[in-house]
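**Student:** Dumping the structure here so I can ask a few things about it.
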Amino acid sequence: MLLSEGSVPGALAGAALRDRSADGRLALDGRWTADQAPTVEAAAARIAAAGRAGPVAVDLSGIERLDTLGAWVLERTRAEIEQAGSALTYLGARPEHHILLGEVRLREPDAPPPRRHGPVVGLLDATGRRTVQGGHEFVTALAFLGELIAACGRVALRPGTFRGNALINQIQQVALNGTPIIVLISFLVGGIVAQQGIFQLQRFGAQTFVVNLIGLLILREMGVLLTSIMVAGRSGSAITAEIGSMRMREEVDALRVMGLDPVEILIVPRVLALMIGLPMLTLIGDLAALAGGGLTAMLYGGLTLDQFLVRLQAAVGVHHVMVGLIKAPFMALTIGVIATIEGFAVEGSAESLGRHVTASVVKSIFMVIVLDGLFAVFFAAIDF
C-alpha cells in the first residue's frame with residue numbers, strides 16, 4: 001500500500017507519514033505531539049491500515065518531537081496491528097524515544113478473577129492446590145537433600161577445604177548458647193508432667209508409678225521432641241534469617257561469582273552443627289526434665305531421692321535413652337534442610353524475609369512432630 005505525504009492534513013507543519021516503497025519502510029516526520037492530535041490520529045490510522053496488509057517497519061528518525069500523546073498513539077497502533085496477527089517494528093528511534101515508548105507501552109489486560117465457587121467446591125479446590133503445592137515442596141526438599149549429600153561427599157574427599165572454624169562456631173551457637181533455655185524449659189515441663197501424673201495416680205494409690213511415667217515419656221518422646229521444637233524456633237529461624245539476609249544483599253551470588261559453592265560454605269557447617277548439637281541438647285534436656293520430675297515427685301508424691309532413683313533405674317533402660325538419641329540427628333537434618341530452603345527462597349524485601357522465617361519455623365515444627373510419630377510407630381513395631 002502506497003502512502004503519500006500530501007494525503008495527511010498539515011503534513012508540512014505537523015505530523016507526517018511518508019512511504020519509502022524502495023525499502024518498504026514508513027517514515028514519520030514532523031511533530032508527533034498533543035497540538036497535532038488530528039494529524040497524528042490520521043497518520044496512525046494509515047499505519048494501522050498498512051499493518052493489516054502485512055508487517056510494517058516504521059522509521060522514527062525524522063520525528064522532530066515526540067510527546068506522551070504521540071508515543072501512546074504509536075503504541076496503541078502497534079497493539080492493534082499485533083492483535084490483527086501482524087507486526088510493527090520501530091526503526092531509527094532515538095534513546096529518548098525508546099524510553100518514552102517503553103513507558104507508555106500498552107500492558108496486557110489483567111486476567112479476569114477466577115469464578116467463585118460454592119463452599120464445598122472452594123474447600124476441595126483449596127485442598128487440591130495445597131496438596132499439589134506440598135508435593136512440589138517435598139520434591140524440592142528431596143532435591144536439596146541430594147545436593148547437600150553431594151556437597152558433604154565433596155568435602156569428605158577434600159577435607160582441606162572444609163571450614164572447621166565455621167563448624168565450631170555453629171556448634172557454639174546451636175548447642176552451647178542454647179543450653180540454658182533448653183535446661184529451663186525441660187526442667188519446667190518435667191515438673192509439670194510429674195505433678196499432673198501424681199494428681200491422677202493418687203486416686204488409685206499408685207503415685208509411685210509417676211517415676212515410670214516421666215522416665216519413659218521424657219526419654220523416649222518428650223525430651224527429644226521438646227528440644228527439637230526449641231531448636232527449630234531458635235536455631236532454625238536464625239539460619240533462615242542469616243541466609244535470607246545474605247540473599248537480599250546478594251552475598252550468595254557473590255560466592256558463586258568467586259567460584260565457591262554456597263552449599264559447602266554456608267549449609268554444610270550449619271547442618272552438621274545441628275546434627276551434632278541436637279543429640280547433646282537432647283541428653284541435657286532429658287536430665288533436666290528428670291530432675292524437674294524428681295523434685296516434683298519428692299514434693300508432691302512423698303518420694304525420697306533414693307526411692308526415685310531406684311524406681312527410675314528399674315523402669316528405664318539404656319535402650320530407652322537410645323530411642324531419643326537416635327531420633328535427634330534425623331530431626332536436626334529435617335530442621336536444617338527446611339531452614340536453608342526457606343532461606344534461599346527469600347526475595348529482596350523485609351516482608352519476604354519475615355514470611356519465610358515464619359514458614360521455616362512452622363514447617364520445621366510440623367515435620368518434627370510427624371517424624372516423631374513415624375519413629376514411635378517404627379520402634380513399637382520392632383519392640384525396641
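**Student:** Share of the chain's accessible area from carbon and sulfur, percent, 1.4 Å? Walk me through the numbers before you get to the answer.
**Tutor:** Numbers: 13270 of 20430 Å².
Carbon and sulfur atoms account for 65 percent of the accessible area of the chain.
**Student:** Related question: Obtain the nm distance between the two label points defined at residue 291 and residue 370 by a simple spin-label model: each point lies 7 Å from its Cα along the Cα-to-C-beta direction.
**Tutor:** Computed distance between label sites residue 291 and residue 370 equals 3.6 nm.
**Student:** Per the Debye formula with a single identical scatterer at each Cα and no solvent contribution, what log10 I(q)/I(0) holds for the stretch 273-384 at q = 0.10, 0.11, 0.16, 0.23 Å⁻¹?
**Tutor:** -0.46, -0.53, -0.87, -1.21
**Student:** Could you pull out every whole DSSP H run in the chain that spans at least 24 Å of Cα extent along its own axis and averages 0.5 or higher on the Kyte-Doolittle scale?
**Tutor:** Span-like helices in the chain: 37-53, 119-157, 179-201, 268-300, 318-344, 350-381.
**Student:** Using Cα centres only, tell me the gap between the stretch 315-384 and the stretch 221-268 in whole Å.
**Tutor:** Each part reduced to its Cα centre gives a spacing of 15 Å.
**Student:** Taking the solvent-accessible surface of protein heavy atoms with a 1.4 Å probe, what is the per residue accessible area of the chain in Å²?
**Tutor:** 53 Å²
**Student:** If you don't mind, another one. How would you order 304-315, 184-195, 271-282 from highest to lowest mean count of nearby Cβ atoms within 10 Å? Working shown, then result.
**Tutor:** On the way: 304-315: 14.2, 184-195: 20.4, 271-282: 23.8.
Highest mean packing first, the order is 271-282, 184-195, 304-315.
**Student:** With every protein chain in place, what's the accessible area of residue 366 (1.4 Å probe, Å², nearest 10)?
**Tutor:** Taking all protein chains as shown, residue 366 has close to 130 Å².
**Student:** Now for a different question. Would you please put 163-170, 67-74 in order of how densely packed they are, using the mean number of other Cβ atoms within 10 angstrom per residue and starting with the highest?
**Tutor:** 67-74, 163-170
**Student:** A follow-up question, please. Count charges around residue 359 for me, please; just the other residues with Cβ under 11 Å from its Cβ, Lys/Arg as +1, Asp/Glu as -1. Provide the component values of the computation, followed by the final result.
**Tutor:** Numbers: positive: 355, 363; negative: 137, 342.
Net charge around residue 359: 0.
**Student:** Using the basic label-point model (7 angstrom from Cα toward the beta carbon), what is the residue 253 to residue 381 distance in nanometres?
**Tutor:** Taking the simple label geometry, residue 253 and residue 381 are separated by 4.7 nm.
**Student:** On to the next question. Could you tell me the ratio Rg/Rh of the stretch 183-340? Both radii from Cα atoms, Rh via Kirkwood.
**Tutor:** Rg/Rh: 1.17.
**Student:** Further question on the same structure: Have a look at 235, 364, 61 and tell me which one the Gaussian network model of the chain (Cα, springs below 10 Å) gives the largest fluctuation.
**Tutor:** Highest fluctuation of the listed residues: 61.
**Student:** So for each of 38-47, 196-205 I average, over its residues, the number of other beta carbons within 10 Å; can you give me the resulting order with the highest mean first? Please list the in-between numbers first.
**Tutor:** On the way: 38-47: 19.9, 196-205: 14.1.
In descending order of packing, they fall as 38-47, 196-205.
**Student:** Can you give me the solvent accessible area of residue 136 with a 1.4 Å probe, rounded to the nearest 10 Å²?
**Tutor:** Approximately 120 Å² of residue 136 is accessible to the 1.4 Å probe.
**Student:** For the chain, how big is the tail of P(r) above 33 Å, as a whole percent of Cα pairs?
**Tutor:** Values: 42638 of 73536 pairs.
The calculated P(r) of the chain puts 58 percent of pairs beyond 33 Å.
**Student:** Size of the dipole of the chain about the Cα centre, Lys and Arg at +1 and Asp and Glu at -1 on the beta carbon, nothing else charged, in debye to 20?
**Tutor:** Magnitude of the dipole: close to 840 debye.
**Student:** Among 45, 254, 287, which residue has its Cα furthest toward the positive end of the charge dipole of the chain, with +1 on Lys/Arg Cβ and -1 on Asp/Glu Cβ?
**Tutor:** Ranked along the dipole, the leading option is 287.
The values are calculated or read from the model by the stated rules, or taken from the named source; none is laboratory data. If you're wondering where the values come from, they're calculated on a predicted model, not measured in any experiment. Every residue, glycine as well, gets a Cβ built from its backbone with ideal geometry; the counts of neighbours run over all protein chains shown. Accessible surface is based on the protein model in full, side chains and every heavy atom, while ligands, DNA and RNA are left aside. Shrake-Rupley method; radii C 1.70, N 1.55, O 1.52, S 1.80 Å.
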